[in-house]
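Engineer: Before we start, here is the structure in question, set down as structure tokens.
What follows is calculated from the coordinates using simple rules that are stated; it is not laboratory data. All values derive from a computational prediction rather than experimental measurement. Quick reminder, even Gly has a Cβ in these numbers, built from the backbone with ideal geometry, and neighbours come from all protein chains shown.
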Amino acid sequence: MGATRDRPDRPDRVVCDLDPAPDMPWKLVVEAARLLRTLLEELELRCFVTTTGGKGLHVVVPIRRTGGWEEAKAFSKAVAEHLVRMIPERFVATMSTQQRKGKIFVDYLRNTEGATAVAAYSTRVRRGAPVSVPLAWDELSPQLRSDHCTLSNLPRRLQQLDMDPWLDYVSGRQTITRSMLARLTL
């Protein structure tokens with residue numbers, strides 16, 4: 001869920017779930033996350049990246065709890081549709097499996113009330129017990145796949161970290177404005 005327990009009616013993050021088709025090379029998923037980061041930075045929004053422990057990545061924007069679920073969903077949908085308009089051969093914003101072949105589904109539906117997204121440091125029920133892990137942007141590479149961290153190697157990763165890659169997450173909450181939304185829908 002994209003809200004905390006004290007205000008479940010007010011999302012405090014927007015999650016852009018980059019869900020690649022099975023035939024999509026991982027390096028293109030990494031490139032998509034970086035492209036999404038650039039787009040969000042052009043809107044003056046700071047974002048964070050996390051592996052999902054599955055096959056994709058989440059790009060997360062911490063937001064102030066000023067709007068409701070409809071605003072969060074409208075913004076994430078506008079981001080997804082903007083990516084599709086700019087690079088239709090790479091992105092899709094519809095769940096249809098027929099249209100997703102060879103593309104990355106930008107799942108904006110994670111920003112609907114009651115929807116879920118894997119939480120940081122959650123173990124996935126998959127072979128090898130992969131874990132969703134927050135990354136620093138400079139760690140993101142074609143060599144570090146989304147299911148790279150597991151229950152067995154996660155303690156070593158945590159011991160080797162100099163600092164929390166999401167250290168500024170909570171203090172970095174931002175407001176999504178109408179002008180940002182308008183820029184995406186031009």
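Engineer: For region 28-186, what mean projected area does the convex hull of the alpha carbons give, in nm²?
Structural biologist: Projected area, direction-averaged: 10.0 nm².
Engineer: Looking at Pro88, Ser141, Pro22, which one has the Cα that reaches farthest to the positive end of the dipole of the chain (charges on Cβ: Lys, Arg +1; Asp, Glu -1)?
Structural biologist: Pro22
Engineer: Which is the longest run of the chain containing none of the GluC sites (Glu not before Pro) found in DSSP loop states (not H, G, I, E, B) with at most 15 other C-beta atoms within 10 Å?
Structural biologist: Here the longest segment lacking exposed loop sites spans 114-186.
Engineer: Rounded to two decimals, what ratio of Rg to Rh does region 21-64 give with C-alpha atoms and a Kirkwood Rh?
Structural biologist: 1.02
Engineer: Moving on. Using the eigenvalues of the Cα gyration tensor, what equivalent ellipsoid semi-axes result for region 54-123 when each is taken as the square root of five times the eigenvalue, whole Å, largest first?
Structural biologist: Working from the Cα gyration tensor, I get semi-axes of 22, 16, 11 Å.
Engineer: For the chain, what is the calculated [θ] at 222 nm in deg cm²/dmol (nearest 500), taking -39500 (n - 2.57) for each run of four or more DSSP H residues and dividing by its residue count?
Structural biologist: Here the helix-only value at 222 nm equals -8500 deg cm²/dmol.
Engineer: On average over all directions, what projected area in square nanometres does region 1-82 have, based on the convex hull of its Cα atoms?
Structural biologist: For the Cα atoms of region 1-82, the hull's average projected area reads 5.7 nm².
Engineer: Below 8 Å, C-alpha to C-alpha, sequence gap of six or more: please give me the relative contact order for the chain in percent.
Structural biologist: For the chain, the relative contact order is 29 percent.
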